[in-house]
Amino acid sequence: QLQLKESGGGLVQAGGSLRLSCAASGRTFSSFAMGWFRQAPGKDREFVAAILWNGYSTYYADAVKGRFTISRDNAKNTVYVQMNSLTPEDTAVYYCAAVKLNGGTWDNALGAWGQGTLVTVSS
């Protein structure tokens, strides 16, 4: 089982950038595809981005494609998401998780969620 801790959130103006980090504990981190999800106030949690275990393939929600970049460092047991050109619509709590592809949808592979990190984008 992985334990995950997200960090790097904060308040940023529209057009700005943030980089979120997710530190994982557990020796099996490198065997998992990892992903980021977000939940805006009053909305369901949604998929943001995913990266395969070796970092060679990445996947993005249409809403963030071209603005967000997911990456990982297996030596550090950490997955990142670089978020550029942020808009108020990106305001949400961001979560990382081990992920799996389920019928064309990326889902949390292990079921548990971390505490998340809040990103607030002001207009």
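Coordinate-derived values only; no laboratory data. Small disclaimer: the values here were computed from a predicted structure and weren't measured. A quick note on method: Cβ atoms are made from the backbone with ideal geometry, for glycine too, and the neighbour counts reach across all protein chains shown.
Here are some notes:
- Looking at the chain alone, DSSP beta bridges between its own residues are antiparallel in about 90 percent of cases.
- Summed over all non-identical Cα pairs, the Kirkwood treatment of the chain gives a radius of 14.2 Å.
- Candidate lysines - alpha carbon under 23 Å from Lys5, same-chain residues fewer than 8 apart omitted: Lys43, Lys76, Lys100
- Centre separation in Å (Cα based) which lies between the range 6-47 and the range 49-123: 5
- Label point of Ser7 set 7 angstrom out along Cα-Cβ; within the range 101-123, amide nitrogens under 13 Å from it belong to 117.
- The charge dipole of the range 29-123, taken about its Cα centre with unit charges on the Cβ of Lys, Arg, Asp and Glu (plus for the first two, minus for the last two), comes to roughly 160 debye.
- Furthest towards positive pole of dipole, Ala63, Ser30, Gly114, structure part the chain, Cβ charges: Ser30
- Placing dummy labels 7 Å off each Cα toward the beta-carbon, the span from Ser25 to Ser71 is 2.7 nm.
- Gaussian network model of the chain, springs between alpha carbon atoms under 10 Å - residue of Gly66, Gly42, Gly26 with greatest fluctuation: Gly42
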